[in-house]
Amino acid sequence: MEWVFEEMKKLCIFCGARPNFIKVAPIIRVINRLSEENSSHKVSYSLVYAGSENDPTLEDQLFDNLSIRRPDVYLGVECENLNELTGQVMSKFEKYLQENPSDVVIVVDDLASTMAAAIVTKKQAITLAHIAAGTRSFDITMPKEINRLVIDGLSDILFTAGFSNNSIANKEGAELSKVYMVGNILIDNIRYDRERIEGMSLSDIDELAGLPLKEGNYLVFTLNRKALLADQDNLERMLHVLSETAGDTPIIAPLRDSAVQVIMALSLKKNIKLHNLHIVKPLGYLEFAYLTAHAKGIITDSGNVAEEATFNGVPCITLNSYTEHIETAKVGSNVLVGEDPELLRSSLSDMVAGTWKKCGVPERWDGRSAERVVQILLERH
């Protein structure tokens, strides 16, 4: 690939939460590689995090696994109220940009903090690039939908993952010259990880010690969405269906404390028999990648997990009626069941029986998205 440079570019990469780091890591690795290869044309970048330095979700191992450094700057914003958070991030990020001139600010996804950073960037007349642009639920009551509309509307460069995202960005009036279909950047990580998890086995993962697991003969269950955890009556029905339909197939559930507390309280209160559900502590990034890549199937409410499953060809059920990347369901291994216990039962029966649909990998999910992003940023500016 030919790289075109004029002068030193200063990029600011903004992250609002843990999943953002995973998405920007491939871009950082490309920049680092260019700096090593082209010593006369370095690209400098600064990694800025909205939260605090002691955030428990940002363990050192995450950055080691992704082969990137920890954030250079922590804005230190921590609050539950999203409007308050938006205001604080705007105020602190504005101060940062005034003190640290940048040519381009890169933002990812659709958090409130991402929207705050986008607004401030454009008020400072700095070029704004949005990764994972053009994703829509078409439900304006979803808070993230408003964030997406604002971020895409302000962005100078829209990097999209697939055709559906492209057509949305174009329909909303983005000039064609601004929209680039670079593919799904998460796939760059999976490609990168493949070599690094090759020598691993389930017995290397301490959290799974003592569980009777064989590769390809267990299910993985993850649960994070607040809406799912809040509707406890329906969650009880979903858990009952999950455990009953899985039968003798063990279900490994790496869950954070908030989900564990809800599930434990439900099982005690309602006396649900979850004989095959094994709750384990959240796994490291590479360990989780290995666990999901070798599962019989995955039940999740995470879009990122579903995207990885599509690339790995592992059957996946998403507990949501919406996905940012419809290609995972149209082309890939993903099936959307919403929050419907009976739809879950039907799909899970197919998963356990090994009669899943035929699936493939969407176009441009080739693990070279970050190279395209960096090249476009350097050629355009």
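Rg and Dmax over the alpha-carbon atoms of the chain stand at 21.0, 67 Å.
Centre-to-centre separation between the Cα atoms of the range 288-342 and those of the range 175-224: 12 Å. Of the residues VAL361, VAL262, VAL48, the one that moves most in a GNM of the chain with alpha-carbon contacts below 10 Å is VAL262. Rounded to whole Å, give me the distance from the Cα center of the range 234-271 to that of the range 22-83. So the separation of the two Cα centres works out to 35 Å.
Between the exposed loop cleavage positions of the chain, defined as GluC sites (Glu not before Pro) in a non-H, G, I, E, B DSSP state with at most 15 neighbouring beta-carbon atoms within 10 angstrom, the longest gap is 216-362. Within the shell of other residues whose beta carbon sits under 14 angstrom from the beta carbon of LYS281, the net charge comes to -4, with Lys and Arg scored +1 and Asp and Glu -1.
If the reach is capped at under 30 angstrom between alpha carbons, list the lysines near LYS296, excluding any in the same chain fewer than eight residues apart. Straight-distance partners of LYS296: LYS23, LYS214, LYS226, LYS270, LYS273, LYS281, LYS330, LYS357, LYS358.
Which one of ALA227, ALA370, ALA306 has the biggest mean-square fluctuation once the chain is modelled by GNM with Cα springs under 10 Å? Looking only at ALA227, ALA370, ALA306, the largest GNM fluctuation is found for ALA227.
If you take the beta carbon distance between GLU99 and GLU363 as r and set R0 to 56 Å, what does 1/(1 + (r/R0)^6) give as a FRET efficiency, to the nearest 0.05? Write down the numbers at each step before the final one.
Details: r = 42 Å, r/R0 = 0.75.
My answer for the efficiency is 0.85.
Please compute the length gained on full extension between GLU207 and SER44, using 0.36 nm multiplied by the number of residues separating them and subtracting their Cα-Cα distance.
Numbers: separation 163, 0.36 × 163 = 58.68 nm, distance 3.85 nm.
Full extension from GLU207 to SER44 adds 54.8 nm.
Among LYS357, LYS226, LYS214, the largest mean-square fluctuation in a Gaussian network model of the chain, built with springs joining Cα atoms closer than 10 Å, belongs to LYS226. This ranking places SER203, SER346 by how few other beta-carbon atoms lie within 10 Å of each, fewest first, which gives SER203, SER346.
Since every read-out is calculated from the coordinates, none of them should be taken as a lab result. Not measured: the values here are computed from a predicted model. Backbone-built Cβ (ideal geometry, glycine too); neighbour counts: all protein chains shown.
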